[in-house]
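Accompanying notes for the structure given below.
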Amino acid sequence: MPAKLPNSLKNVIDQFTPDVRGVLWITQEELSQTLLGFDELNYLFDGLLSQFIYGQVVNQVLLNANIFFTQNFNQTLFLAHIKVNINIKSNIDEQLALLAESSNKNNKIIVYDTTDKIRIAELTERYPRFDFISLSL
């Protein structure tokens, strides 16, 4: 009998349908294993977040924005982790500019904002090509 998934992981997995393009994860801190949602997103991204953090510790590199890619329903799925700072809009612009050049027709982006600094309505106005939905754990 398979192990039962934790409710938080099941809630996150349920959001990832074939039309999801990726995730914007907005936090107050740099990427770390202590962030709420880390385990769930690390699972969905095949451990890439843990691998990256290990490299950060070794190289002592702290970044305000990171982007990761994996496959979901045979399509590329992105995760952009962005630490809130004075350049938050610029950081989001940079991450979404990478997607604008892609021929991928999926336009749904999950926004996991633990800071309450990002408004879905504002994102929708700035980036009308994408359909933003909020994720809460």
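The values are calculated or read from the model by the stated rules, or taken from the named source; none is laboratory data. Just so it is clear, the structure is predicted and the values come from calculations on it, not from any experiment. A quick note on method: Cβ atoms are made from the backbone with ideal geometry, for glycine too, and the neighbour counts reach across all protein chains shown.
Here are the numbers:
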{"item": "Meets criteria (within 14 Å of the chain's Cα centre (by Cα), surrounded by fewer than 18 Cβ atoms within 10 Å (Cβ to Cβ) and closer than 18 Å to F45 by Cα) for T114", "result": "no"}
{"item": "Those residues of segment 103-132 which are outside any loop (DSSP other than H, G, I, E, B) and among the polar types (S, T, N, Q), in sequence order", "result": "T124"}
{"item": "Count of residues meeting criterion [at pLDDT below 90 and either more than 26 Å from D93 (Cβ to Cβ) or part of a loop (DSSP other than H, G, I, E, B) (or both)] in segment 1-28", "result": "17"}
{"item": "Considering residues of segment 76-92 that are assigned to a helix (DSSP H, G or I) and within 14 Å of the chain's Cα centre (by Cα) only, the residue farthest from A65 (Cα to Cα)", "result": "I92"}
{"item": "Qualifying residues in segment 52-95 (those that are hydroxyl-bearing (S, T, Y) and within 27 Å of D19 (Cα to Cα)) - the one modelled with the lowest pLDDT", "result": "S90"}
{"item": "Those residues of segment 98-117 which are within 23 Å of N64 (Cα to Cα) and at pLDDT 80 or above, in sequence order", "result": "I109, I110, V111, Y112, D113, T114, T115, D116"}
{"item": "Answer from I92, I133, I120 - the residue that is under 13 Å from F78 (Cβ atoms) and not small (G, A, S)", "result": "I92"}
